[in-house]
1. Hey, does region 94-105 have a residue that's basic (Lys, Arg), at pLDDT 90 or above and outside any loop (DSSP other than H, G, I, E, B)?
2. Yes or no: Tyr70 farther than 11 Å from Ile117 by Cα and either of a type outside the set (A, V, I, L, M, F, W, C) or buried (at least 16 other Cβ atoms within 10 Å of the Cβ) (or both)?
3. For residues that are of a type in the set (A, V, I, L, M) and outside any loop (DSSP other than H, G, I, E, B), scanning just region 106-121, find the one that is modelled with the lowest pLDDT.
4. Has region 45-55 got any residue that is of a type in the set (Ser, Thr, Tyr), touching a residue at least 40 places away in the same chain (Cβ under 8 Å) and farther than 14 Å from Ala119 by Cα?
Amino acid sequence: MRKYWKFGALMAVIVGSLLWLATAGISGSQTYYKTITELNHMDNSAKTRHVRVGGDVMANSIVRSNGAVYFTLTQDKTILKVAYEGRDPLPDTFKDGAQALADGRLGPDGVFHASEIQAKCASKYASQPGVAPESIQKQVQTKPAYGS
């Protein structure tokens with residue numbers, strides 16, 4: 001009977017460890033982000049927690065000054081001022097009107113201090129199913145038919 005208890009305890013430890021690893025891996029790989037409205041409803045927890053917030057970069061709001069980049073995110077007429085002082089360069093697709101994710105903390109002054117910026121890929125780069133990219137269509141139109 002004592003062998004069964006040892007075996008049962010060992011199996012419980014193994015199964016418990018596997019469950020813990022699975023839940024830790026799932027929660028660590030989540031890429032969820034908050035909207036600007038959700039961030040505003042978080043109150044003080046947004047100032048103490050690391051948060052990822054998404055929105056569209058407002059036109060003519062990108063300003064580079066003293067090694068930092070300041071811009072405004074907007075979403076459904078709600079705006080959020082963002083200060084990015086990260087070490088990594090901004091993505092090439094980060095420009096006016098682009099969708100962006102800012103990763104950081106909300107400051108006491110209401111400015112979101114981002115340590116990382118990610119620009120979402122624009123849908124204009126994805127081709128429509130069954131349609132050749134525009135550059136290939138132009139090449140086909142300008143080349144004469146074979147044998148003519």
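The values are calculated or read from the model by the stated rules, or taken from the named source; none is laboratory data. From a predicted model like this one, the values you see are computed outputs, not experimental measurements. All Cβ positions, even for glycine, are placed from backbone atoms using ideal geometry, and neighbour counts span all protein chains on display.
1. From region 94-105, those basic (Lys, Arg) are 95, 105; that's our starting set.
Right, trim to at pLDDT 90 or above and you get none.
No, the conditions are met nowhere in region 94-105.
2. yes
3. Ala119
4. Yes: one or more hits.
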